[in-house]
Each structure stands twice: as C-alpha cells, then as structure tokens.
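The values are calculated or read from the model by the stated rules, or taken from the named source; none is laboratory data. On a predicted model such as this, the values are computed, not experimentally measured, just so you know. Note that each Cβ is placed from the backbone with ideal geometry, even for glycine, and that neighbours are counted across all protein chains shown.
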C-alpha cells in the first residue's frame, strides 16, 4: 500500500470513537479497500457489496470523518456555490439540483449570496477560494471574465447562467432572448396587440436579453414599441406589484403583460386582484422560469420553463468531473419550453 493510501486509511479510522474502517469491512465480509472505494465514490462497487457495506455501517453507527479524509486526499470535500439570493425561488430550484449531485459524490456545498451586487459577488468568491473549496459553481453572477479566468487557474469553476469567454471556466448558458420571444409571440398569436412588459434590473445581462426579446418580437410582428408600456419589477414579487400599479396608473390601454420572471408575475397578479381585475378575462399574463408555485397560482401561470433543477445537477456534475481530473460534460444551452396555463386567453384581432 502506498504512503498516501496508509494515511488515508489511518485518517478514516478516526471515526465514532473506536469504530474503524477495518471493522466495517470485516462485518460486511469485504476488503477494506472495497469499503474505501465505496465511501470515496471513485469506483463502481457491486450492488451486493453496497448492501453489505451499508448494513455494516448502520449496525456499527460508523460515520466517515470527512475532514480526516480531506487531509489524506488533499481535498476539503467542499464546493462553493455563489447564488444571488438563497431565499429566491429561482435559485432554490437550481440549488436543489446542485445538492442532489454533490451529496451523491460525498461533497458538501458552501452557499454564499452576491445580492445582485458585483462588488459583493467578487468578495464572496474570494471568501470561497480562501476557504480552499475544491470547486466553485457560480449562479447568474455578473463577474468579469478576466476575474473568473484568474481564479479558475487555481480552482475548478462552473458558470451557470451565461457563456463565459474564459476557456478555463465551464459554462452552461440560458437563451433568455429566445425564451422572451416565445412568451411575447404566444400573446400575439392569441390576438393581443397592446402588450406591456415588467422588466428585470437592466444592469443584468439576462434582463437585457429578455427586454430585447420583448422589443424585437413586437417589431417583427409589425406592432409599435411604446416605452411607456415598460416598467421595472426587479425580479421580485414586490417589484411586480409596483410595476403593475405603475403601468395601470399611466392610463394607457393594454390587454396583456409579459413579466420577466414568475416572481414579478405573482406580484402583478396581486396588484390586479386588488384593483378588482380578473386574469385572464381582463388581462392575460405570461411569466418566465416556470417555478413550482406557478402551476398552483390563481390562476395557474403561463410561463417559459427553464429546467432549473436539471441545470443545477448538470453544473454539479461538471464541477465534480473537473475536481477529479475528468473531462466535464459538453457545455450546453438550456432547452426552453412555453407552458400554457389559464393565465392567458385569446382576444379578437385588434384587441
């Protein structure tokens, strides 16, 4: 056995007071190396042996010492995850996918939030790197490519949300523009000609792309673009309430609204409810993201679906592959789908 292997098994023996890796193996009727491979997740172990090992671990109440394992392998068994708001429904879905995969590979996630602030994002990234995480996943960060490229030289990094120009950063992008086009096109096909837009923060690329999709689809259909039918909702429920009230108070006629995300759509529907308006009889509305709550809102919300949990899993799989020296899956762009529900309704042409 190599010197590193001996250190590994010695470290793994410091568990649950006196329970050792060898005792787990003896009770399971397998070799110590088989238990080691199973715990590290680095090799395939037969189902029969997995059942025996898990039964032995349960009977002995054996708990692997991840800190000791990290000392032996040179890893911390942690992955840093930079989100924007951990309480945000969008990030919750992606994070659940990340956690699913990391847990299956015995990695723990360390979550930090950038709060949509570029300076804060950089500070949080520096903190994660300083904690010597084995890899980093960035969710919709606004960091410069040069900054990410510099940090990616020392730690595997996966960017979820847009394509990075850095060849060292593995990117998984969203096609925000196409998704917005589909949302607005759906309303136009239903006969709507005066369509308002509740935008996201215009200092963010995804929000700008969704605004472009709204604008370009109107123009392509021969409909006028009126900036007075655009209000900023900031991607949050309260912003959706304020934006919808602003649009209605301007007194301009419109029969439909496209909200840049589901959270702002929820707020917009609340604003209409408080004004005695009915969705979709008085106003049709389309959201973006298709969060789990959207199928249970009243009425259920038509929305552009992004497979957030699947993308979270894909990001985690990619960072684990990079950490372990394997080639990550090929970078992809999320496939979007318009999910039509009861919040949209056809109107006569010219409505």
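A few comments on the model shown:
- Set side by side, the residues 169, 133, 101 differ, and just one is at pLDDT 90 or above, in contact with a helix residue (DSSP H, G or I) (Cβ under 6 Å, 6 or more places away or on another chain) and either on the phi > 0 side of the Ramachandran plot or outside the structural domain of residue 218 (by TED's automatic domain parsing) (or both), which is 101.
- When each of 256, 221 is tested for being crowded, with 22+ Cβ neighbours inside 10 Å and touching a residue at least 24 places away in the same chain (Cβ under 8 Å), the lone residue that passes is 256.
- Of all residues in region 5-44, those satisfying the criterion of being surrounded by fewer than 18 Cβ atoms within 10 Å (Cβ to Cβ), modelled with pLDDT of 55 or more and in a loop (DSSP other than H, G, I, E, B) are 18, 29, 31, 41, 42, 43, 44.
- Taken as a whole, region 339-349 holds no residue that is surrounded by 17 or more Cβ atoms within 10 Å (Cβ to Cβ) and either in the same structural domain as residue 249 (by TED's automatic domain parsing) or not in a loop (DSSP other than H, G, I, E, B) (or both).
Here's the yes/no breakdown for (1) modelled with pLDDT of 95 or more; (2) closer than 24 Å to residue 138 by Cβ; (3) in contact with a helix residue (DSSP H, G or I) (Cβ under 8 Å, 6 or more places away or on another chain):
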position: 268; (1), (2), (3): yes, no, yes
position: 275; (1), (2), (3): yes, no, yes
position: 306; (1), (2), (3): no, yes, yes
position: 318; (1), (2), (3): no, yes, no
position: 321; (1), (2), (3): no, yes, no
position: 325; (1), (2), (3): no, yes, no
position: 336; (1), (2), (3): no, yes, yes
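- Within region 259-284, being in contact (Cβ under 8 Å) with a residue 60 or more places away in the chain and within 21 Å of the chain's Cα centre (by Cα) holds for 259, 260, 261, 262, 263, 264, 265.
- Only listed residue being within 17 Å of residue 306 (Cβ to Cβ), more than 23 Å from the chain's Cα centre (by Cα) and part of a helix (DSSP H, G or I), chosen from 215, 186: 186
- Within region 111-122, restricting attention to residues that are more than 18 Å from residue 156 (Cα to Cα) and free of Cβ contacts under 8 Å to residues at least 40 places away in the same chain, the residue that is surrounded by the most Cβ atoms within 10 Å (Cβ to Cβ) is 114.
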